[in-house]
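**Q** I am attaching a structure below and will ask some questions about it afterwards.
The values are calculated or read from the model by the stated rules, or taken from the named source; none is laboratory data. This structure is a prediction, so every number in the text was calculated from the model and none was measured. FYI the Cβ positions are ideal-geometry reconstructions off the backbone, even for glycines, and counts take in every protein chain you see. Protein only, heavy atoms only, side chains kept; ligands, DNA and RNA dropped before computing areas. Shrake-Rupley method; radii C 1.70, N 1.55, O 1.52, S 1.80 Å.
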Amino acid sequence: MSFFIRKFATHFQNRNKKMIINFSVQNFGPIKDKQILSFEATNSTHLEDTYIVNLRGQRILKLALIYGANASGKTTILKALHFLRQIVLKPEDKKTTELGFNPFLFDPITPQQNSIISLEFFQNDIKYFYEVEFFKRAIVSEELYFYNPHKANLFKRKTNLKNQFTEITFGSKITTDKVFEKTLESNTLWNNTVLGGYLKTNIDFKELQEVIDWFEKYLNPLVYSRTQLEGFVTSQIEDKKISKSDVVSILKKADFNISDIVIQEEEKEIPDDFLEFLRRQAKAPSDKDKIKELEEKGKLTSVNLEFEHTVNNTKYTLPLELESQGTKRYYGFAGLLALLIKNPTAFPIDELEASLHPDLYLHFLLSFLLNSKNSQIIATTHNREILNNKDIFRNDAIWFTDKQESCSTELYSLADFDSSVVRNTTNVLNAYKSGKLSATPNLSDTFIDLEL
């Protein structure tokens with residue numbers, strides 16, 4: 001009996017081994033030349049147990065923080081990852097719809113060149129490599145490889161741009177039939193990825209489904225500083241994907257004096273003018289079906305969220321709108337933290353420090369690093385304290401974006417500097433301030449002569 005228990009436990013653990021290994025992007029927004037962000041750890045054993053997960057002999061970091069001046073391309077790194085997720089999970093329905101991005105525009109050649117995004121990742125203990133080449137109107141080429149244990153091609157895709165038709169060839173280790181191949185080609189519009197086309201195909205294909213599951217269940221949408229996470233976290237609590245008591249516990253540890261979360265549902269009549277507004281906005285058939293459901297129901301269910309505070313043994317409740325921006329933001333982060341700890345998942349977060357005190361910022365990251373297992377955070381930040389705290393941060397977890405004279409983005413790691421620039425004894429913050437690490441804004445004087 002113990003043999004089967006061990007076998008099941010091993011199988012379960014392997015199915016939870018999902019992580020990003022590295023990510024590259026080229027000709028996307030301010031990124032002109034190929035830039036690579038890697039989660040592969042250097043040989044340093046500094047904070048090994050806190051930061052590093054060992055998957056099939058590869059040491060993978062749980063955290064990447066991107067620091068740099070405004071307009072240096074930090075957010076674009078995250079946007080490119082989010083864009084890849086979108087074209088996989090939300091394929092366009094019409095072949096005339098353009099992809100939602102711009103190539104590098106400060107150059108006469110790059111607007112006419114293709115863009116490329118590639119991603120290497122682990123899904124259920126198997127390594128995959130995925131690359132997509134595209135321009136605004138179409139996916140030009142696409143390929144997916146897996147290592148089990150040796151590198152093998154799953155599929156290659158080329159687009160006949162003249163005929164706007166997708167051509168897919170499968171690797172020698174993949175067994176398919178002609179009906180499936182032709183159906184998948186037909187459903188993969190020239191502006192769809194093959195993975196997106198598969199989502200429109202009512203045929204089972206284990207290898208493709210595994211990759212789609214990674215994008216859907218491991219890689220989350222980009223969290224912006226303006227993203228209101230309160231509704232998302234509340235829905236996760238209601239759906240029992242995270243525990244309310246866990247979120248309350250995380251908030252208590254962050255000194256918010258919150259003793260409970262009160263979630264109440266209330267049904268309200270739907271105003272006629274609101275329904276008319278929805279009808280005017282509806283485009284897709286699915287939108288019209290949802291509006292019809294609302295009309296038949298005649299009511300909307302709203303969720304009221306309140307926080308309970310215990311002061312001098314007396315309980316008081318405040319509605320969400322009366323709480324501070326920092327409280328709202330950290331309620332969202334408490335939910336993210338519960339998800340990061342509970343299951344393997346990755347969150348791209350823009351401006352991680354927004355509305356957070358520097359101590360709370362560090363508390364959040366430490367809570368994540370010390371309690372999560374196979375989860376990852378990739379975040380942009382303006383918090384310079386990360387450069388002055390070797391007790392908490394590894395060099396290979398800190399990245400910089402620097403705007404070049406061509407207005408293009410260069411991405412590099414603190415670990416890329418040799419010992420002539422950064423030693424173990426170097427004060428990294430002072431080195432940054434002195435310009436040795438670049439990635440600083442090129443500011444002029446503060447005298448402003450306005451025309452009268």
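**Q** Between exposed GluC sites (Glu not before Pro) in the chain, where DSSP calls loop and at most 15 other Cβ atoms lie within 10 Å, what's the longest gap?
**A** Free of exposed loop sites, the longest segment is 99-404.
**Q** Need one word for the stretch 362-430: rounded, prolate or oblate. Basis is the Cα gyration tensor (sqrt eigenvalues a ≥ b ≥ c); a/c below 1.5 gives rounded, then a/b vs b/c decides.
**A** oblate
**Q** Keeping every protein chain in place, order His309, His357, His150 by accessible area at 1.4 Å, biggest value first, i.e. largest first.
**A** His150, His357, His309
**Q** Please give the FRET efficiency for Ser141 paired with Lys315, using the beta carbon to beta carbon distance and R0 = 60 Å, rounded to the nearest 0.05.
**A** 0.50
**Q** Test of understanding: extend the Cα→C-beta vector of Leu278 to 7 Å, then name every residue of the stretch 225-246 with backbone N under 12 Å from that spot.
**A** none
**Q** Calculated from DSSP H runs of 4 or more alone, at -39500 (n - 2.57) each and per residue, what is the 222 nm mean residue ellipticity of the chain, nearest 500?
**A** -9000 deg cm²/dmol
**Q** About its Cα centre, how strong a charge dipole does the chain have in debye, to the nearest 20, once Lys and Arg get +1 and Asp and Glu get -1 at the Cβ?
**A** That gives the chain a dipole magnitude of about 1560 debye.
**Q** What number, in nm² with one decimal, is the all-direction average of the projected area of the convex hull of the alpha-carbon atoms of the stretch 74-142?
**A** 5.8
**Q** Looking at the chain, do any whole DSSP H helices span at least 30 angstrom along their long axis by alpha carbon and average 1.6 or above on Kyte-Doolittle, and which?
**A** Helices passing the filter in the chain: none found.
**Q** Can you compute the FRET efficiency between Asn430 and Leu366 using 1/(1 + (r/R0)^6), with r the Cβ-Cβ distance and R0 = 30 Å? Round to the nearest 0.05.
**A** It comes out at approximately 0.80.
**Q** Could you tell me which of the pairs Lys18/Lys240; Lys200/Lys290; Lys62/Lys403; Lys62/Lys290; Lys158/Lys290 are separated by over 31 angstrom between their Cα atoms in the structure shown?
**A** Over 31 Å Cα-Cα: Lys62/Lys290; Lys158/Lys290.
**Q** Full extension from Glu238 to Asn148: what is 0.36 nm times the residue separation minus their Cα-Cα distance, to one decimal in nm?
**A** Separation in residues times 0.36 nm, less the Cα-Cα distance, equals 28.5 nm.
**Q** Any chance you could look up the accessible area of Leu229 with a 1.4 Å probe, heavy atoms only, rounded to 10 Å²?
**A** Roughly 10 Å² of Leu229 is accessible to a 1.4 Å probe.
**Q** Out of (i) 0.94; (ii) 0.99; (iii) 1.11, which label holds the value of Rg/Rh (Cα atoms, Kirkwood Rh) that was computed here?
**A** The calculated read-out lines up with (ii).
**Q** Would you please report the Å³ per residue occupied by the convex hull of the alpha carbon atoms in the stretch 198-303?
**A** Per-residue hull volume (Cα only) is 192 Å³.
**Q** Do any trypsin sites (Lys or Arg not before Pro) in the stretch 159-216 lie in a DSSP loop with no more than 16 other beta carbon atoms within 10 Å, and if so, which?
**A** Filter output for the stretch 159-216: Lys162, Lys173, Lys200.
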